[in-house]
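The values are calculated or read from the model by the stated rules, or taken from the named source; none is laboratory data. All values reported here derive from a predicted model rather than from experimental measurement. Backbone-built Cβ (ideal geometry, glycine too); neighbour counts: all protein chains shown.
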């Protein structure tokens, strides 16, 4: 059965240059990384024929979701797949979802034509990252030949984003359940030559590290729902389970991540390079160099669904619930329930979207000494830097870090933003955050007569300005958040004070 997909073609490829028809077809792909405002230019190499099981379904679903997130995605697949008995496309799984064909699918690879492996790899040299879907060891020689032709390999990508693409392997199974002689050696040779490996369970992560994977990330696609047609999606839902998977993939694909960081011993996994702060640190830099003591294990699955990255606090009972949950989990005490509510949502965003499994995200917390965010982040294994702003100095003037050097910035109650400084904070964050980085901030909701407050219409205008700076909201402004803001404003009695608090978390594209 043939897939009803359009097969775009690579630039500057002619039939004379590539005698294989599937390769010769790839001559017209438009292709700078900036097409349509995309953040990254990504190639996914894997099976895509319909009705061929979970691996092909996952490959197409990932292509759809990465494209919906704003990336320039090409799905590179097989015109002539692997021998039928061992092919990952041949292992159909009853009940596997029938994912719609991805619109930019190129069938350039053939098991019977090794020259297509090399030619395809050469066409991938202009991409930011090559994501290889690995299902069986028999595919390894083709993948290695293609990656070598693309110039991709462990440590070859430059943090500036120039040079060869980053190489990422999605390992559905690190090794087959019934391994054959030589399977381990084949998979090891692949893992040793790529920048990162994505697996779907902690047990698979252990096996990948045993086979010398340089960087391993764990995300579970089983938690993600089915892909939706792109026409139905105006803005990606960055709070969905698929967004967590896409976020982890974006982190691995970003040129600013250095593969060598994950080879360090646990005791030395400190954020590097250190941000060049001026002198306004609440905690001295030596705190980041202290040996970490026992930490709490907080993962995505531990966080309750009601803890959202972007939300509205209009009822004090919600703040009490947040503080009670944090205390019951074992996080350090917090006297202020509003500060606990503010920090818990930001912490959830960090764990869900910015954690590579080794707590190496560089976090700058400007929420003030009475915010629990830094203490809670430290309790679960991060090493945040706390920044105190003198009364006479604005936050942006106090912040002096290298461009694209931070993973997370927080400005939360009690030292959150207000209507006067929020634009300045976002502007500075757009320079300081890496691609995929997060900024989480709180704003008082209130009438125009309340000093520093914003209203629902102001929040919508802020979202538009943030988008112009390269940020997208993590959450659903058109759904619950708008409803909660409207309900809080309707229940307000005063005219000179804030009636609610809104927490907004943005992701840097």
Legend entry - All positions within segment 32-49 that are surrounded by fewer than 17 Cβ atoms within 10 Å (Cβ to Cβ) and either within 15 Å of residue 126 (Cβ to Cβ) or at pLDDT 50 or above (or both): 32, 33, 34, 35
Inset, instruction - Hey, could you check segment 352-364 for residues that are assigned to a loop (DSSP other than H, G, I, E, B) and in contact (Cβ under 8 Å) with a residue 40 or more places away in the chain and say which is nearest to residue 473 (Cα to Cα)? - result: 354
Legend entry - Residue within segment 375-388 that is more than 18 Å from residue 408 (Cα to Cα), modelled with pLDDT of 90 or more and surrounded by fewer than 24 Cβ atoms within 10 Å (Cβ to Cβ) present: no
Inset, instruction - May I ask you to list the residues in segment 411-454 that are in a helix (DSSP H, G or I) and within 19 Å of residue 499 (Cα to Cα)? - result: 422
Inset, instruction - Answer yes or no as to whether residue 126 is out of contact with any helix residue (DSSP H, G or I) (no Cβ under 9 Å at 6 or more places or on another chain), assigned by TED's automatic domain parsing to the domain that holds residue 248, surrounded by fewer than 24 Cβ atoms within 10 Å (Cβ to Cβ) and modelled with pLDDT of 85 or more. - result: yes
Legend entry - Residues satisfying the stated conditions in segment 355-372, i.e. touching a strand residue (DSSP E or B) at 6+ places or on another chain (Cβ under 8 Å) and more than 17 Å from residue 297 (Cβ to Cβ): 362, 363, 364, 365, 366, 367, 369, 371
Inset, instruction - Considering each of 322, 349 in turn, give the residue that is part of a helix (DSSP H, G or I), at pLDDT 85 or above and out of contact with any helix residue (DSSP H, G or I) (no Cβ under 9 Å at 6 or more places or on another chain). - result: 349
Legend entry - Boolean, residue 195 is over 18 Å from residue 73 (Cβ atoms), touching a helix residue (DSSP H, G or I) at 6+ places or on another chain (Cβ under 6 Å) and modelled with pLDDT of 60 or more: yes
Inset, instruction - Would you point out the residue of segment 315-332, among those that are touching a residue at least 40 places away in the same chain (Cβ under 8 Å) and buried (at least 18 other Cβ atoms within 10 Å of the Cβ), that is nearest to residue 359 (Cα to Cα)? - result: 331
Legend entry - Filtered residue count, segment 294-314, keeping only those that are part of a loop (DSSP other than H, G, I, E, B), closer than 25 Å to residue 455 by Cα and in contact (Cβ under 8 Å) with a residue 60 or more places away in the chain: 4
Legend entry - Flag if residue 497 is surrounded by 18 or more Cβ atoms within 10 Å (Cβ to Cβ), farther than 30 Å from residue 404 by Cβ and at pLDDT below 85: no
Legend entry - Only one of 441, 431 that is closer than 23 Å to residue 368 by Cα, out of contact with any helix residue (DSSP H, G or I) (no Cβ under 6 Å at 6 or more places or on another chain) and either outside the structural domain of residue 355 (by TED's automatic domain parsing) or modelled with pLDDT of 90 or more (or both): 441
Inset, instruction - Give the number of residues within segment 414-424 that are surrounded by fewer than 20 Cβ atoms within 10 Å (Cβ to Cβ) and either in contact with a helix residue (DSSP H, G or I) (Cβ under 9 Å, 6 or more places away or on another chain) or outside the structural domain of residue 404 (by TED's automatic domain parsing) (or both). - result: 5
